[in-house]
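**Student:** Can you keep this structure in mind? I'll have questions shortly.
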Ligand code: 6PG
């Protein structure tokens, strides 16, 4: 596994570089007549990146018909709820671009979580080519990291961390009790490219530990991300990684 760290002055510069990297990745796939499968992260950090893609030159310059969007996790709320990752992405990006409806695979956060975890597992099985181990192998997964070191909706100490069979699971936010649907580590670690988007001072202590110790003994789900045959990238701003 290749590991790369990219450090930016601030989250705006981070988002700008990511938008360029995203366009290059789509162009490469489109040139080969293929589509790129992308799992999006939620929370706040990706919003600036989405907003840049929703503007020229990316809005018209990216061949959206070659992009297939999925979510790495979703909060179990309706799509018009402010907590919805889909809502954030739709407001910041999807409602501004000309992407085929069939290329956007939303997690139905409004449905019963257990049913939806099963249904979305099937959606991934049917729409994301499998790797050798039979699990979906995304071209690119975007992940955030919580101050507690969680990623997607895989939280420290949760039983979902040791899931080895299922593609999606139901998770619960340790503080709010909010139900989530999340992809699991067999899927995350099966991706060709995984990129963490991490900005802000609050993320510093956990990132510092991961950087210094960097092994699976840490209690942080983010440190358990190891895309075996792929690339692991950290897009960081200086507030999150002053020591880099
Ligand atoms: C979610 C996410 C979650 C997020 C982190 C970081 O649905 O909340 O997918 O894993 O990426 O909590 O969130 P911020 O970007 O808001 O710091």
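Values quoted throughout were computed directly from the atomic coordinates according to the rules given, and no laboratory measurement underlies them. Keep in mind that what you see is a predicted model, and the values were worked out from it rather than measured. Cβ atoms come from the backbone with ideal geometry, glycine included; neighbour counts cover every protein chain shown.
**Student:** Arrange 69, 196 by Cβ neighbour counts within 10 Å, fewest through most, would you? Each step should come with its number before you reach the end.
**Tutor:** On the way: 69 19, 196 24.
So the ranking, lowest neighbour count to highest, is 69, 196.
**Student:** Still on this model: With a point put 7 Å past each Cα toward its Cβ, work out how far residue 201 is from residue 122 in nm, to one decimal.
**Tutor:** According to this spin-label approximation, the distance is 4.9 nm.
**Student:** Here's a follow-up. Sort 173, 150, 105 so the one with the fewest other Cβ atoms within 10 Å of its own Cβ comes first.
**Tutor:** Result, fewest neighbours first: 173, 105, 150.
**Student:** Let me ask something additional. Taking the Cβ-Cβ separation of residue 213 and residue 28 as r and a Förster radius of 41 Å, what is the calculated FRET efficiency to the nearest 0.05? Mind dumping the intermediate values first?
**Tutor:** Details: r = 34 Å, r/R0 = 0.83.
It comes to 0.75.
**Student:** What fraction of the DSSP beta bridges in the chain is antiparallel, stated in percent and rounded to the nearest 5?
**Tutor:** Working: 10 of 34 bridges.
For the chain, the DSSP antiparallel bridge percentage is about 30.
**Student:** Pairs of alpha-carbon atoms within less than 8 angstrom and 6+ residues apart define the contacts here; what relative contact order does the stretch 87-244 have, in percent?
**Tutor:** Values: 256 pairs, mean separation 36.1, N = 158.
Relative CO of the stretch 87-244 lands at 23 percent.
**Student:** Further, regarding this structure: Most mobile of 174, 46, 113 per a Gaussian network model of the chain (Cα springs, under 10 Å)?
**Tutor:** 174
**Student:** When the chain is modelled as a GNM with alpha-carbon springs shorter than 10 Å, which of 114, 151, 184 fluctuates the most?
**Tutor:** 114
**Student:** Still on this structure: Based solely on its DSSP helices, what 222 nm [θ] is calculated for the chain when runs of n ≥ 4 H residues each add -39,500 (n - 2.57) and the sum is averaged over all residues, nearest 500 deg cm²/dmol?
**Tutor:** Numbers: 7 runs with 69 residues, N = 244.
Here the helix-only value at 222 nm equals -8500 deg cm²/dmol.
**Student:** Residue separation times 0.36 nm, minus the C-alpha to C-alpha distance between residue 81 and residue 130: what's the value?
**Tutor:** Details: separation 49, 0.36 × 49 = 17.64 nm, distance 3.23 nm.
Additional length available on full extension: 14.4 nm.
**Student:** So, in Å, what gap is there between the alpha-carbon centers of the stretch 1-56 and the stretch 178-234?
**Tutor:** 17 Å
**Student:** Indicate the gyration tensor shape class of the chain (rounded, prolate or oblate), computed on the Cα atoms with a ≥ b ≥ c the square roots of the eigenvalues: a/c under 1.5 is rounded; otherwise a/b larger than b/c is prolate and the rest oblate.
**Tutor:** Numbers: a/c = 1.30, a/b = 1.06, b/c = 1.22.
Cα axes put the chain in the rounded bin.
**Student:** Sort 220, 5 by Cβ crowding within 10 Å, fewest neighbours at the top.
**Tutor:** Details: 220 21, 5 14.
The most exposed by this proxy come first: 5, 220.
**Student:** Taking the chain as a Gaussian network, Cα atoms linked when under 10 Å apart, which of 195, 11, 162 shows the biggest mean-square fluctuation?
**Tutor:** Maximum fluctuation in the GNM of the chain, among the listed residues, is at 162.
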